Amino acid sequence: MSSTPRLLEGRIALVLGAANKWSIAWAVGKRFSEAGAKVILTYQDERFAEKMIAMCASLENCSHFCCDLTQPAQVDALFSSIDKEHDGLDVVVHSVAYALREDLDGRYLDTSCEGFQIAHTVSSYTLTIAARAARPLMLKRGGGSIMTMTYHGSERVVPNYNIMGVAKASLEANMRYLAADLGPENIRVNALSPGPINTSAARGIAGFTTMLQYARDRAPLRRNTDTEEVADAALFMASNLSRGITGEVIYVDCGYNITAM
Ligand SMILES: NC(=O)c1ccc[n+]([C@@H]2O[C@H](COP(=O)([O-])OP(=O)(O)OC[C@H]3O[C@@H](n4cnc5c(N)ncnc54)[C@H](O)[C@@H]3O)[C@@H](O)[C@H]2O)c1
């Protein structure tokens, strides 16, 4: 029996960006299900289908959908299916990012125009796409909570994070503009900013294990954060307990971001 408080009883939550058991999206989907939500978990393409369908089956009230967020027809299919199957939508978690591998190594200066555009489209603009599609379904419920996953590399230079740092800065500004647009309709938009966690996306950054070690040595809590801690913060942000918070970046990084030396 889970000890997770049933903060999302009767809520409908869409969690975008699950790839495998290490994904932040998977930990969040699992936590939301334990908290009583009906969860729709999405994965990007057929590469992830077999694993994600089996993992989803292990949760209470979890359905799955294949959706590449850069493909308008797939986004339409996802939100039409939610509209058909459910009575609106309360929560969206955007846990999606991508950059070309060669842009996550060496000098930022060498980023190609194509690499710049891909990173921004996938890692930032897809939040706007998801928020726009979710809005009518959230209005049916009298409001909602949208959250995305960012990283401290948006504000401070982290070696090799390069284009993703620039895309995360865009994502955070994107989140604030959405929060301003959607706030009058009682839709909140926030970002969680986890410290480094060993996931597939993170392993694409050159020198990632050094990042983990550095954060562990310097964070006030003297350890790395994990996906369970991010899932707990996401549960708070999805629930009514965070009803007064919008447009914020909430760090879940064992305090690393407050340090200078
Ligand atoms: N792991 C970390 O250290 C860390 C720290 C801070 C923030 N984040 C952020 O958390 C989020 C989730 O990453 P993760 O670490 O769980 O890794 P992950 O690889 O498990 O998740 C990234 C997901 O993005 C999906 N994705 C990429 N392009 C997509 C597209 N076009 N359409 C739909 N989905 C697409 C991938 O399929 C994958 O499921 C990302 O935004 C990442 O930047 C991660």
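Of the residues that sit in the range 50-86 and are under 19 Å from the mean Cα position of the chain (by Cα) and farther than 24 Å from Tyr125 by Cβ, which one is surrounded by the fewest Cβ atoms within 10 Å (Cβ to Cβ)? Here the answer is Ser63. Of the helices (runs of 4 or more DSSP H) lying entirely inside the range 1-118, the ones with 2 or more residues being among the aliphatic types (A, V, I, L, M) and more than 11 Å from the ligand (Cβ to nearest atom) are found at 49-57, 72-85.
Before we move on, is Arg156 part of a helix (DSSP H, G or I) and either among the basic types (Lys, Arg) or touching an Asp or Glu at 6+ places or on another chain (Cβ under 8 Å) (or both)?
Working: part of a helix (DSSP H, G or I): no; either among the basic types (Lys, Arg) or touching an Asp or Glu at 6+ places or on another chain (Cβ under 8 Å) (or both): yes.
Taking the combined requirement at face value, the residue does not satisfy it.
Across the range 29-49, the qualifying residues are those that are touching a strand residue (DSSP E or B) at 6+ places or on another chain (Cβ under 9 Å) and among the basic types (Lys, Arg), and the one among them that is surrounded by the most Cβ atoms within 10 Å (Cβ to Cβ) is Lys30.
This table checks each residue for (1) part of a loop (DSSP other than H, G, I, E, B); (2) within 15 Å of the ligand (Cβ to nearest atom); (3) over 25 Å from Asn20 (Cβ atoms).
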residue: Thr210; (1), (2), (3): no, yes, no
residue: Ala215; (1), (2), (3): no, yes, no
residue: Glu229; (1), (2), (3): no, yes, no
residue: Leu235; (1), (2), (3): no, no, no
residue: Asn257; (1), (2), (3): no, yes, yes
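Do we have any residue at all in the range 184-192 that's out of contact with any Ser or Thr (no Cβ under 9 Å at 6 or more places or on another chain), without any contact (Cβ under 8 Å) to a residue 12 or more places away in the chain, away from the ligand (no atom under 15 Å from the Cβ) and within 18 Å of Val91 (Cα to Cα)?
So the first thing to find is which residues in the range 184-192 are out of contact with any Ser or Thr (no Cβ under 9 Å at 6 or more places or on another chain), and the list is 184-186.
If we keep only those that are without any contact (Cβ under 8 Å) to a residue 12 or more places away in the chain as well, we get 184.
Narrowing further to those that are away from the ligand (no atom under 15 Å from the Cβ): 184.
Narrowing the set further to residues that are within 18 Å of Val91 (Cα to Cα) leaves 184.
There is at least one residue in the range 184-192 that is out of contact with any Ser or Thr (no Cβ under 9 Å at 6 or more places or on another chain), without any contact (Cβ under 8 Å) to a residue 12 or more places away in the chain, away from the ligand (no atom under 15 Å from the Cβ) and within 18 Å of Val91 (Cα to Cα).
Within the range 165-178, does at least one residue satisfy the condition of being acidic (Asp, Glu), more than 21 Å from Ala234 (Cβ to Cβ) and either more than 9 Å from the ligand (Cβ to nearest atom) or assigned to a strand (DSSP E or B) (or both)?
Pass one, the range 165-178, residues acidic (Asp, Glu): 172.
Filter once more, keeping what is more than 21 Å from Ala234 (Cβ to Cβ): none.
No, because not a single residue in the range 165-178 is acidic (Asp, Glu), more than 21 Å from Ala234 (Cβ to Cβ) and either more than 9 Å from the ligand (Cβ to nearest atom) or assigned to a strand (DSSP E or B) (or both).
Within the range 60-71, at least one residue is touching a helix residue (DSSP H, G or I) at 6+ places or on another chain (Cβ under 9 Å) and of a type in the set (Asp, Glu).
From the list Tyr256, Tyr251, pick out the single residue that is over 18 Å from the mean Cα position of the chain (by Cα), touching a residue at least 60 places away in the same chain (Cβ under 8 Å) and buried (at least 16 other Cβ atoms within 10 Å of the Cβ). Step through it out loud before you land on a result.
Numbers: Tyr251 fails: over 18 Å from the mean Cα position of the chain (by Cα).
Sole residue among the options that is over 18 Å from the mean Cα position of the chain (by Cα), touching a residue at least 60 places away in the same chain (Cβ under 8 Å) and buried (at least 16 other Cβ atoms within 10 Å of the Cβ): Tyr256.
Go through (1) in contact with a helix residue (DSSP H, G or I) (Cβ under 9 Å, 6 or more places away or on another chain); (2) within 26 Å of Asn20 (Cβ to Cβ); (3) within 12 Å of the ligand (Cβ to nearest atom) and name the single condition Ser200 misses. Unmet condition: (1).
Every number in this text was worked out from the coordinates using simple rules, so none of it is lab data. Fair warning: this is a prediction, and the values are worked out from it, not measured in the lab. All Cβ positions, even for glycine, are placed from backbone atoms using ideal geometry, and neighbour counts span all protein chains on display.
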